[in-house]
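A short worksheet on the structure shown next.
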Amino acid sequence: MQRVITYIDGFNLYFGMKTKFGNRYLWLNVEALSMSLLLHSQSLVATKYFTSRVTNQPDKERRQKEYLEALVEGTSSKLFFGRYQSNTTECKGCGSVWPSPKEKMTDVNIATEMMMDAFTDTYDTALLISGDTDLIPPINAIRRHFPGKRIGVYFPPNRHSLALQKVVDFSGLIGRSKLRDSQLPDTITKPNGYVLTRPATWI
């Protein structure tokens, strides 16, 4: 069986789903989604999910915390965290200023894991779920130094990149049916008895 690792750009996927479908599919089982993208000759070695913890937004923090804990309890996914950097945006027309935090390190974390897993021969195929063109250089490096490895990309909704598509061996689009059929259970009970619940606004 061909070994596959999926590398999921959490915020790229989140905002793609939210833009296209609202909140409906945000309670996503990324491991099940990864499995649904495999061929019969492939086996999923690991699902690696990359994100940053939301800060200074209590409601969003609570929903994200619930979701990330659900991934840990309900799947075998491995989580990798970047960070949020506090920035501000100023309106040139009216001078108003508002907070505009930026996610940092996700693309670097993905690139590092893809490179190290290629170096340690952990996968035959790397499957990237993202539309971020910042990942083109590490993909080119892997293809150059590990020509036997295959790299594919599945684009989240509304996140297609022709430039990214051109540097991989294969590509596809993640549609509604894949997301609908890859949802976590509405509730997941932790070993301590605490029940993780799909946020009411994510139904």
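The values are calculated or read from the model by the stated rules, or taken from the named source; none is laboratory data. The structure displayed is predicted, hence computed values, not measured ones. Counting neighbours? That spans all protein chains shown, and the Cβs are built from the backbone with ideal geometry, glycine included.
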(request) For residues that are touching a residue at least 24 places away in the same chain (Cβ under 8 Å) and part of a loop (DSSP other than H, G, I, E, B), scanning just the range 118-143, find the one that is surrounded by the fewest Cβ atoms within 10 Å (Cβ to Cβ). (result) Thr122
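Answer yes if at least one residue in the range 88-95 is modelled with pLDDT of 80 or more and either more than 30 Å from Ala141 (Cα to Cα) or part of a helix (DSSP H, G or I) (or both), and no otherwise.
First, the residues of the range 88-95 that are modelled with pLDDT of 80 or more: none.
Checked against the condition, which is being modelled with pLDDT of 80 or more and either more than 30 Å from Ala141 (Cα to Cα) or part of a helix (DSSP H, G or I) (or both), the range 88-95 yields no hits at all.
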(message) Any residue in the range 152-170 that is farther than 18 Å from Ile8 by Cβ sitting within a Cβ distance under 9 Å of a residue that is of a type in the set (Gly, Ala, Ser)? List the pairs, counting only those 6 or more apart or interchain.
(response) Asp169/Gly152
(request) Starting from the range 101-117, keep only residues that are within 14 Å of Ile8 (Cβ to Cβ) and modelled with pLDDT of 85 or more, then list their pairs with residues that are aromatic (Phe, Trp, Tyr) and part of a helix (DSSP H, G or I) whose Cβ atoms are within a distance under 9 Å, requiring at least 6 positions of separation or different chains. (result) Thr106/Phe11
(request) Provide a single number: the residues in the range 178-203 that are outside any loop (DSSP other than H, G, I, E, B), of a type outside the set (A, V, I, L, M, F, W, C) and over 18 Å from Thr6 (Cβ atoms). (result) 5
(request) Would you please name the residue that is farthest from Ala118 (Cα to Cα), looking only at residues in the range 145-177 that are aromatic (Phe, Trp, Tyr) and either touching a His at 6+ places or on another chain (Cβ under 6 Å) or not in a loop (DSSP other than H, G, I, E, B) (or both)? (result) Phe155
(request) Kindly indicate the residue of the range 168-203 that is polar (S, T, N, Q) and closer than 11 Å to Tyr25 by Cβ and also surrounded by the most Cβ atoms within 10 Å (Cβ to Cβ) among those meeting that condition. (result) Ser182
